[in-house]
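Structure, as structure tokens:
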Amino acid sequence: MSMLASLCVAFGVFLSGFVINEPAPYELFLVVLIAIWALFGLKLSRHIAPLIVLYVVFNIGGMFSILTMDAVKQTPMYIAVSLFLAFTAMFFAAIIEADQRRLLLIFRAYVVAAIITAMLGILGYFGAIPGGEVFTRYDRAMGAFQDPNVFGPYLVLPALFLMHGLLTGTLKAAPFRVLGLMILVLGVFLSFSRAAWGLLAISMAMLVVIMLIKQRTGVFRLRILIMSMLGFVLLIAAIIVALQFDQVSDLFSDRAKLVQAYDGARHGRFERHAIGFLMAMEHPLGIGPLEFGLMWGEDTHNIWLKALMDYGWLGFVSYVALMVWTFTLGFRYLLRERPWQPYLMLALIVLFGHTIIGNVIDTDHWRHFYLLMGVVWGCIALEMRWQAARHNQRPPQPTTPAPQRLENRARGSARVWTGNHSAPTH
């Protein structure tokens with residue numbers, strides 16, 4: 001039964017790579033899976049209580065924000081989706097805490113889904129399959145997603161997982177990992193998402209640095225450096241080959257600009273950020289989900305501003321508290337030798353990268369973001385359980401009454417001053 005449940009979880013994670021229409025199969029399957037699991041004893045422990053409480057408060061802020069709107073529109077459904085995605089994070093954290101072996105299944109299912117959706121995006125981009133245009137938008141690869149800006153970041157965690165396998169695994173599996181990594185990196189590149197490019201670069205650099213800190217042997221550090229340099233050369237070579245196609249090089253030259261016209265123009269992205277933060281001072285309950293985009297013609301493209309506008313100050317404070325709490329515990333436990341340490345390291349790195357790119361893009365309804373949060377908190381809960389078990393297994397220290405301790409000290413002092421030391425017996 002436990003194996004069947006774990007396989008269902010893996011299948012649910014696999015479905016996260018295919019979100020062409022909403023509600024996607026991912027949502028439909030997880031609704032049923034979570035409901036069945038809850039009926040048969042889903043346990044939410046105190047170790048993930050901060051995740052549960054702060055996500056619930058975050059969504060309560062969104063409900064209060066709806067009350068400020070003249071017309072409710074479709075906003076209740078938007079908050080319902082937010083709450084459901086929060087439940088998925090709690091669900092993944094709970095089942096990982098219950099059985100750490102599910103981490104490997106989750107990551108492998110994620111890798112398979114990512115490679116398939118990346119291949120769809122790549123083949124569709126180059127017109128190599130009939131009807132491939134459904135996997136592209138605005139001359140950018142988006143795989144089986146609705147937006148290239150979500151497709152690109154989705155591929156980063158499995159890419160990092162394969163890179164970690166290259167650095168620590170056997171040479172026998174290296175060719176398969178290299179092939180998978182090149183597919184995922186090419187998918188990220190062809191998404192032409194600057195946030196995804198930055199996320200991939202930040203995550204890979206952090207992985208190498210953390211592994212160099214963690215591994216103490218010089219031989220292993222040398223291996224990491226050599227493999228990292230070889231991987232970097234291969235990735236650059238793959239990108240150079242892709243740039244030989246005119247449609248790729250033309251779009252790359254345009255997308256590679258740090259600031260686009262719609263970023264710095266009047267009422268562009270950065271000016272809208274400033275306007276939105278000023279509006280937040282006058283609307284402590286927010287202005288209602290999705291209202292900012294209707295008001296200014298573009299969404300917030302900033303997760304912090306998104307929290308203020310759609311969830312009010314209550315949602316904003318709870319979101320900031322959740323992220324601070326997550327990274328404080330995550331980085332505290334990061335380098336401890338545990339079976340789940342590699343998974344915590346990879347998920348935490350990518351989650352941290354998502355927090356950085358959240359300054360220029362909305363990650364509010366990204367399904368894989370909540371999966372990352374669930375994996376990190378599941379590993380945090382495992383560490384807390386391990387510490388609690390270790391503490392409970394310590395033998396009790398014998399206690400000596402205070403008068404007896406004073407008498408023993410006096411006798412010891414007397415022996416020291418009189419030189420009355422017992423000779424060791426053989």
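For Leu85, indicate whether it is under 21 Å from Ala381 (Cα atoms), in a loop (DSSP other than H, G, I, E, B) and not basic (Lys, Arg). Taking the combined requirement at face value, the residue does not satisfy it.
Residues that are aliphatic (A, V, I, L, M), surrounded by fewer than 18 Cβ atoms within 10 Å (Cβ to Cβ) and closer than 16 Å to Asp364 by Cβ: does segment 83-99 have at least one? Checked against the condition, which is being aliphatic (A, V, I, L, M), surrounded by fewer than 18 Cβ atoms within 10 Å (Cβ to Cβ) and closer than 16 Å to Asp364 by Cβ, segment 83-99 yields at least one hit. Here Phe18, Phe14 are screened, and the one residue that is of a type in the set (Phe, Trp, Tyr), at pLDDT 90 or above and in a loop (DSSP other than H, G, I, E, B) is Phe18. Cβ-Cβ distances below 8 Å connect the following pairs, each with a first residue in segment 305-329 that is at positive phi, a second residue that is crowded, with 20+ Cβ neighbours inside 10 Å and part of a helix (DSSP H, G or I), and a separation of six or more residues or different chains: Gly312/Gly61; Gly312/Gly62; Gly312/Ser65. For Gln146, the criteria (1) of a type in the set (S, T, N, Q); (2) in contact with a helix residue (DSSP H, G or I) (Cβ under 8 Å, 6 or more places away or on another chain); (3) part of a loop (DSSP other than H, G, I, E, B) hold in every case but one, which is (2).
Taking segment 296-401 as the region of interest, the helices (runs of 4 or more DSSP H) fully inside it that hold 2 or more residues being crowded, with 21+ Cβ neighbours inside 10 Å and more than 15 Å from the chain's Cα centre (by Cα) are 303-332, 367-393. Within the group Leu181, Leu199, Leu171, Leu212, which residue is in a helix (DSSP H, G or I), more than 21 Å from the chain's Cα centre (by Cα) and under 30 Å from Arg223 (Cβ atoms)? Exactly one residue qualifies, and that residue is Leu212. Pick from segment 233-262 the residues that are modelled with pLDDT under 60 and surrounded by fewer than 10 Cβ atoms within 10 Å (Cβ to Cβ): which of them is nearest to Tyr138 (Cα to Cα)? Result: Ala261. Close Cβ contacts (under 7 Å, 6 or more residues apart or on different chains) running from residues in segment 1-22 that are farther than 22 Å from Ala98 by Cα to residues that are open to solvent by 90 Å² or more (accessible area, probe 1.4 Å) are absent.
If I go through segment 269-295 residue by residue, how many of them are without any contact (Cβ under 8 Å) to a residue 60 or more places away in the chain and under 28 Å from the mean Cα position of the chain (by Cα)? Before you say what the answer is, go through the steps one by one.
Taking segment 269-295 and keeping what is without any contact (Cβ under 8 Å) to a residue 60 or more places away in the chain, we get 270-282, 284, 292-295.
Checking which are under 28 Å from the mean Cα position of the chain (by Cα) leaves us with 270, 272-274, 276-277, 280, 292-293.
Going through segment 269-295 one residue at a time, the tally reaches 9.
Considering only segment 213-223, state which residues are farther than 10 Å from Leu167 by Cβ and surrounded by 12 or more Cβ atoms within 10 Å (Cβ to Cβ). Passing the criteria: Lys214, Arg221.
Gly293 meets the conditions (1) modelled with pLDDT of 70 or more; (2) open to solvent by 50 Å² or more (accessible area, probe 1.4 Å) in every case but one. The failed one is (2).
The values are calculated or read from the model by the stated rules, or taken from the named source; none is laboratory data. What you see is a predicted model, and the numbers here were worked out from it, not measured in a lab. Neighbour counts run over all protein chains shown; Cβ positions are idealised from the backbone, glycine included. Calculation scope for accessible area: heavy atoms of the full protein, side chains included, ligands and nucleic acids excluded. Shrake-Rupley method; radii C 1.70, N 1.55, O 1.52, S 1.80 Å.
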